[in-house]
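Encoded as structure tokens, the structure appears first; notes follow it.
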């Protein structure tokens, strides 16, 4: 196996699955949109034109928004909340892993950011959850803006008053789109946390060792 694939196989395969999925969403969404346009006696969109369609862009970021929210909340909540017996939780009886970062910064291979002062060290120590949450906020704004554009176009088509983007922020449709995705992300994460207490996946870092007792917490 080439070293590039061996060392980066997880990322490569996940990105290939992502590309296949978003292409599938694009083409299937384009077909559905054209069916709707034909029912209203309007001209069909080309595949490239559909890429700029607000409804398509909104649906993409609607999904990204929920994923980044789920990941950011998971990363942040697991810093101080515990589920005893879960592979997805830190051990409540274990010693703090990241105590005295100033001293740990001197270890060979430690990230350089840890040696650039207390402020930079604090920012770096919270960078993963922060960046994931910022990605959620960016995705939410893009979902909101393009969903508002799609709703405005539909309102004009029906002879109704189009809401501004700010007005649309209070529209139930936006929150219906968001909450239906958020609920599934939080549920699936909670299910994983609980199932990892009792079930195993051989050689997976997301699972405890197969022979580990149910009460063992962490990987």
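Some observations on this one:
- Residue 75 being closer than 17 Å to residue 219 by Cβ and within 15 Å of the chain's Cα centre (by Cα): yes
- Exclusive hit being exposed (fewer than 13 other Cβ atoms within 10 Å of the Cβ) and under 27 Å from the mean Cα position of the chain (by Cα), set 121, 97: 97
- Flag if residue 60 is surrounded by 14 or more Cβ atoms within 10 Å (Cβ to Cβ), within 24 Å of residue 199 (Cα to Cα), within 21 Å of the chain's Cα centre (by Cα) and modelled with pLDDT of 95 or more: no
- With respect to the conditions (1) under 25 Å from residue 206 (Cβ atoms); (2) not in a loop (DSSP other than H, G, I, E, B), residue 81 falls short on a single one, namely (2).
- At least 2 residues being touching a residue at least 40 places away in the same chain (Cβ under 8 Å) and over 29 Å from residue 191 (Cβ atoms) is the threshold, and among the helices (runs of 4 or more DSSP H) wholly inside segment 84-174 those reaching it are 127-157.
- Verdict on residue 5 being at pLDDT below 95, assigned to a helix (DSSP H, G or I) and out of contact with any strand residue (DSSP E or B) (no Cβ under 6 Å at 6 or more places or on another chain): yes
The values are calculated or read from the model by the stated rules, or taken from the named source; none is laboratory data. Worth saying up front: this structure is predicted, and the values here are computed from it rather than measured. Every residue, glycine as well, gets a Cβ built from its backbone with ideal geometry; the counts of neighbours run over all protein chains shown.
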